[in-house]
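J.: Dropping a structure here in C-alpha cells format, bear with me for questions.
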Amino acid sequence: MKTITLRAGKERSLLRRHPWVFQGSIAKGGADAGETVRVESHDGKFLAWAAFSPSSQIRVRAWSFDEAERIDAAFFQRRVEQAVALRRRLGIDSNGIRLIHGEADGLPGLIVDQYDDLLSAQFLSAGTERWKDAIADALLAATGCTYLYERSDSGVRGLEGLAPVTGWLRHPETADGSRRATEVTIHENGWKLTLDVAEGHKTGYYLDQRDNRGLFARLVREMGCKTVLNCYSYTGGFSVAALAGGATEVTSVDSSGPALARATAHVTLNGFDAGAHTALDADVNGTLRRFIKEGRTFDAIVLDPPKFAPSAAHADRASRAYKDINRLAFKLLNPGGLLLTFSCSGGIGAELFHKIVAGAGLDAQVDGYLLRRLEATPDHPTTITFPEGEYLKGLAIVRKG
Ligand code: SAH
C-alpha cells in the first residue's frame, strides 16, 4: 500500500471529513490512477484511505476515514447498500430516483440514477473507474436491477485523465435474444415522462427538480396562471407541470431539438391538448429579448439554465449571465405572476444567487414577494461536512403589482 504524506497543516480538511486533497497539499508520495492509498499527516498519523488521481487537481479523494476499513469489493457493497437504503426511507413517489450522489454517499465521483428497471451511471473519478466492476455488481445486488448503462461522457472525466465511455455495462440478453431498449418511462408527480439513457443529458433526466416541478404545478393551479414560459425546458418537465396545473398556453424554449421533440410528445402522452404547447428551438436570452420587443407577457416563468459557473473562478461572468436572464424574465412577468428561477452552479452560493436575482429585479423595476427558497430533491443529499455538494438553489417569487 502506497502512502501519501501531506504538508504540515494540510491535514485539517480531511480531519473535518472533507473528502478532497488538492495537489498543493501533498508533500510526498504518488500512485497509479485510481490506486488506493493511505493518506497521512506530516507526522505520520493516519487520515484516510483514498483513491489517487495523478492528473487531477483533486489529487486524492477519500473513501474512508476509518483506519480499520478495507477498500475492497465488500466496501463498495456496503456503501451502495447504505445509499440505496436511505432512498428507500425517503418515501419518494417515483420510479426515477438518484441512488448514488457522489461524495454525499461516500463514493466520490460516482453518480447513479435508477429509471424504473434501468440504472444509469457516471464514473467520473479515477477511483470509481478503477473499481467499476465491483461497483456495478454492488449496484445490481442492492437494487435487483439487471440493466446498467454507463454515461461516463461528462467533461470532468478529462480533468481526471479519463476518456469518455458510454454503453451497457450490464445487459443480460432476454430469453428471446432481444436487447432491452435504452428508452424508459418513469412516473413523477403522477405524470408519465420518457427518457433515453443513451441519448439524454447526463444520465438521461434531471431528477433533482422533481419536487420543484410538483410545487410549480400546485402554484400554477392555486394562483390561476394560464400563460407559462418554460425556459431551458429540456424535455418539458416543468411544461407538463404547468399543463397539469391548468395552464392553457405553455411555451418551452430549449436549444436542443431532441429534448424539445420529447417535450412535445410528453404533452399528449399525459393527455393534454397538443395545441396548448409550443416548442421553440432557440437561445433563451435572444428569445426573452424578442418577446419583450413583441410586448408579450406571461403569468408564470421558469428559468432553469445549465451550469453557468462550474467553479467559483467563473462566478463573475456567470453572475452577469444570471442577472441578465432574470432581468429579462421580470420584464416579461405579469403583475401577480410567478417566477421560478434556479442556478445549478456550484460556484454560486444561495446567498449570492439571491443577491443576483434581487439586482435583476431592481434593474427591471419589478418588486416581488419571495415565496420560497428551493433546492434539490432529498435523493440528491449533501453531507454536513461537504458544503460543495450543495449545487441547486432556486427562488419562487411572485411579482408585486
Ligand atoms: N428544466 C429542465 C432541465 C434543464 S437543463 C427539467 O426540468 O428537466 C438545461 C437545459 O438548457 C438543457 O436542456 C439545454 O439543452 C438547455 N440550454 C443550454 N443552453 C441554452 C441556451 N442558450 N438557450 C436555450 N436552451 C439552452
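The values are calculated or read from the model by the stated rules, or taken from the named source; none is laboratory data. Note that this is a predicted model, so its numbers are computed, not measured. All Cβ positions, glycine included, derive from the backbone under ideal geometry; neighbour counts span all protein chains shown. Remember, those area values only see protein heavy atoms, side chains included, never the ligands or the DNA or RNA. Shrake-Rupley method; radii C 1.70, N 1.55, O 1.52, S 1.80 Å.
J.: Looking at (1) open to solvent by 50 Å² or more (accessible area, probe 1.4 Å); (2) modelled with pLDDT of 95 or more, which is the only condition residue 186 fails?
T.: Here residue 186 clears every test but (1).
J.: Going by the structure shown, is residue 379 farther than 30 Å from residue 61 by Cβ and of a type in the set (Asp, Glu)?
T.: No: the conditions fail for residue 379.
J.: Here is a follow-up. Given (1) within 14 Å of the ligand (Cβ to nearest atom); (2) touching a Leu at 6+ places or on another chain (Cβ under 8 Å), identify the lone condition not met by residue 318.
T.: (2)
J.: For the range 72-95, give me each residue that is β-branched (Val, Ile, Thr) and part of a helix (DSSP H, G or I).
T.: If the condition is that a residue be β-branched (Val, Ile, Thr) and part of a helix (DSSP H, G or I), then 80, 84 are the ones that fit.
J.: Report, by residue number, each residue of the range 123-151 that is assigned to a strand (DSSP E or B) and over 17 Å from residue 77 (Cα atoms).
T.: Matches in the range 123-151: 147, 149, 150, 151.
J.: Sticking with this structure for a sec: For the range 96-116, which residues satisfy the criterion of being touching a helix residue (DSSP H, G or I) at 6+ places or on another chain (Cβ under 9 Å), open to solvent by 10 Å² or more (accessible area, probe 1.4 Å), not in a strand (DSSP E or B) and not aliphatic (A, V, I, L, M)?
T.: 103, 105, 106, 109
J.: From (1) open to solvent by 80 Å² or more (accessible area, probe 1.4 Å); (2) assigned to a helix (DSSP H, G or I); (3) not hydrophobic (A, V, I, L, M, F, W, C), pick out the condition that doesn't hold for residue 324.
T.: Of everything listed in (1) open to solvent by 80 Å² or more (accessible area, probe 1.4 Å); (2) assigned to a helix (DSSP H, G or I); (3) not hydrophobic (A, V, I, L, M, F, W, C), residue 324 misses just condition (1).
J.: So which residues in the range 229-256 are more than 8 Å from the ligand (Cβ to nearest atom) and under 21 Å from the mean Cα position of the chain (by Cα), if there are any at all?
T.: Residues satisfying the conditions are 239, 240, 241, 252.
J.: A further question on this structure: From 388, 351, 375, grab the single residue that is surrounded by 16 or more Cβ atoms within 10 Å (Cβ to Cβ) and acidic (Asp, Glu).
T.: Just one listed residue meets the conditions, 375.
J.: Taking the range 152-201 only, how many residues are assigned to a strand (DSSP E or B) and hydroxyl-bearing (Ser, Thr, Tyr)?
T.: The total comes to 4.
J.: Pick out the one residue from 257, 286, 271 that is touching an Asp or Glu at 6+ places or on another chain (Cβ under 7 Å) and either surrounded by 15 or more Cβ atoms within 10 Å (Cβ to Cβ) or among the small types (Gly, Ala, Ser) (or both).
T.: From the options 257, 286, 271, the qualifying one is 257.
J.: Right, next: Sort through 159, 107, 124, 195 and tell me the only one that's closer than 26 Å to residue 65 by Cα and in contact with a Phe, Trp or Tyr (Cβ under 8 Å, 6 or more places away or on another chain).
T.: 107
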